[in-house]
Amino acid sequence: MQNNTQEDIIEIEFPIKSGDFVAAGDASSKTKKLLKQLGIDPEIIRRAAIACYEAELNLVIHSLGGSLILTITPSELVIKTQDIGPGIADVDLAMQEGYTTASDSARELGFGAGMGLPNIKRCADNVEIVSELGQGTELTITIKTNK
């Protein structure tokens with residue numbers, strides 16, 4: 001077991017607005033840039049950037065707004081999203097490729113193809129989803145940095 005000090009932990013919170021497709025991707029771009037500056041392995045950066053982008057887009061498309069919180073420790077990256085929104089009625093169904101509840105307007109913009117959660121699962125070492133209908137969803141993505 002590794003003893004971490006507070007100095008070993010970086011945490012950044014990005015507010016995400018519902019329907020803001022212009023700013024969509026900003027948090028994932030900033031995350032990718034930071035991970036490069038920290039000298040994280042390029043394969044880990046690739047996985048984190050994809051997972052972060054998909055999670056960020058899910059907030060833009062499906063929620064009433066929320067936040068994306070990036071936590072970096074010596075052993076892992078944790079990307080957590082918390083939103084106010086409709087919640088996910090069937091998490092297992094939402095994890096299936098091609099399943100989407102995106103609005104027609106989001107799909108017209110090229111978003112909402114139903115690949116977000118499946119792509120996150122492919123890139124992560126662990127994915128946890130806690131969702132309550134009418135309350136919102138909390139998504140926690142963990143990517144180990146030293147296997």
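Quick note: the coordinates plus some simple rules give every number you see, no bench work behind them. The shown structure was predicted, so the numbers you read here are calculated from the model rather than taken from an experiment. Glycine gets a Cβ as well: all are built from the backbone with ideal geometry, and neighbour counts include every protein chain shown.
Helix 42-62 versus the longest principal axis of the chain: what is the Cα-based angle in degrees, 0 to 90, to the nearest 10? The two axes meet at around 30 degrees. Across the chain, the mean sequence separation of Cα contacts (distance under 8 Å, 6 or more residues apart), normalised by length, yields a relative contact order of 26 percent.
Counted by Cβ distance under 11 Å from Tyr99, the other residues give a net charge of -3, where Lys and Arg count +1 and Asp and Glu count -1.
Total lysine pairs in the chain at Cα distances under 24 Å, for residues eight or more apart or on different chains: 25. Segment 120-144 and segment 16-43 have Cα centres lying 17 Å from one another.
Each residue of segment 8-16 was assigned a 3J(HN,Hα) from its phi angle through the Karplus curve 6.51 cos²θ - 1.76 cosθ + 1.60 (θ = phi - 60°); the sequence is 7, 10, 10, 9, 10, 10, 10, x, 10 Hz, with glycine and proline shown as x. FRET efficiency for the pair Leu64 and Asp41, taken as 1/(1 + (r/R0)^6) with r the Cβ-Cβ distance and R0 = 30 Å, rounds to 0.25.
When Rg and the Kirkwood radius Rh are both evaluated on Cα atoms of the chain, their ratio Rg/Rh stands at 0.97.
Here the chain is treated with +1 on each Lys and Arg Cβ and -1 on each Asp and Glu Cβ, and its dipole about the Cα centre works out to around 500 debye. FRET efficiency for the pair Asn146 and Glu13, taken as 1/(1 + (r/R0)^6) with r the Cβ-Cβ distance and R0 = 22 Å, rounds to 0.35.
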